[in-house]
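Working notes for the structure below.
The values are calculated or read from the model by the stated rules, or taken from the named source; none is laboratory data. Everything numeric here is computed off the predicted structure, so don't read it as measured data. Counting neighbours? That spans all protein chains shown, and the Cβs are built from the backbone with ideal geometry, glycine included.
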Amino acid sequence: MFLTKNSKSPYFQVVYFVNGKRTTISTKTANQEKAELFLKNFNPSITIKQSELVQQTKVKSNFISISDFKNEYLEFVHTTKSQSYLRSINLSFKMFEEYLGNIPIQSITSLQIDKFVTFTFGRTKRGAHLYFRTLKAAFTKAVAWNYIKENPFKNIKFPRIPKSHPVFISVAEFQIILSQTNEEILKQLFIAAFNTGMRLGELTNMKWSWIDFQKSLISIKCSADFSTKSKKERIIPINAALRATLMKLKQSKHYKPEGYVFTNSIGIKLNDDFVSKKFKKSVRLTGLKDSIHFHTLRHSFASMLVQKGVSLYVVKELLGHEDLSTTQIYSHLNNENLIEAVNLI
């Protein structure tokens, strides 16, 4: 070991060797006497152990528990996802943590996930599918954040779920639901949903700037505050029923050219949960089937189009589906095409 000094630092450096490799450490002083005292008391073996301890601490600090990762993930997505999806994230992580314990996500294996899927599938098939796809999306972000090298959900094959037809309502049933809705702004929002097939989050975030009355079009736009489910913008035509509703809203005292279309009595945009619960309350007052939810309005819009002979490709674009297979859940409704096909035999 010996002292040295170079132009890169005003301080004396101690030169020593670790496994034949030349190593230096600063004495943190430009005074030679103090530097020589540092050299006299310097013990390379202690420094090496401290370095190893620091390295181990760094490795440990990269580990993150399921609970901590959930909180970090929620903080990341809370501005871009709906309240409904945020609840799905919380529920999925809650079930996952209850099954595995609050272990580091780096230690999770495919076998553990396979067992988790089997366990939850045995209790609730659709619930298990919700947990699976929500957690898979979250762990994709864990890979992007370098917490893990590969998504442990990636190679897990989820069991098949029998497909059921979506619930939809007729125009007459929709009118009955409106008759049990007291708040005028909610009636107007329900009418918009029934006539556009827009998702709840798209409606509550819709601004007047999205609407072109001259061309009778709504342009669903993404921004820093809101993004569609597919992250893509799309256009929906305005029919006569919706146009009358929007014109009435435009004459409201709460109308602001750059503001939200659907707001409460003090001009604040409506909350998704509030709208969803109010719709369900109206449905229950009618005595109609309890399987009707706000999303049923979107299904009903699509169902009416298909029953009137509109191409599934057109319906796909109006709904903003990324894949035609998603839209094909409505294909069974075009009975006339089925009848014509069979009559060709």
Open item on the list: Of the residues K248, K231, only one is in a loop (DSSP other than H, G, I, E, B) and in the same structural domain as V314 (by TED's automatic domain parsing); which?
Closed with: K231
TODO: Considering only the range 281-338, state which residues are among the hydroxyl-bearing types (S, T, Y), loosely packed, with under 12 Cβ neighbours inside 10 Å and closer than 16 Å to I169 by Cα.
DONE: S291
- [ ] Give the residues of the range 260-296 that are hydroxyl-bearing (S, T, Y), part of a loop (DSSP other than H, G, I, E, B) and touching a residue at least 12 places away in the same chain (Cβ under 8 Å), sorted by residue number.
- [x] S291
- [ ] Output the residues belonging to the range 242-255 that are touching a residue at least 40 places away in the same chain (Cβ under 8 Å) and either surrounded by 13 or more Cβ atoms within 10 Å (Cβ to Cβ) or in contact with a Cys (Cβ under 6 Å, 6 or more places away or on another chain) (or both).
- [x] L242, T245, L246, L249, K250, Y255
Task: Of the criteria (1) surrounded by fewer than 19 Cβ atoms within 10 Å (Cβ to Cβ); (2) outside any helix (DSSP H, G or I); (3) of a type outside the set (G, A, S); (4) in contact with a helix residue (DSSP H, G or I) (Cβ under 6 Å, 6 or more places away or on another chain), which one I236 fails - done: (1)
Task: Condition met for F132 (in contact (Cβ under 8 Å) with a residue 12 or more places away in the chain and within 18 Å of S88 (Cβ to Cβ)) - done: yes
TODO: Confirm whether L203 is in the same structural domain as S216 (by TED's automatic domain parsing) and closer than 24 Å to K316 by Cα.
DONE: yes
Open item on the list: Just to check your reading of the model, which residue among Y260, Y313 is farther than 20 Å from F194 by Cβ and at pLDDT 90 or above?
Closed with: Y313
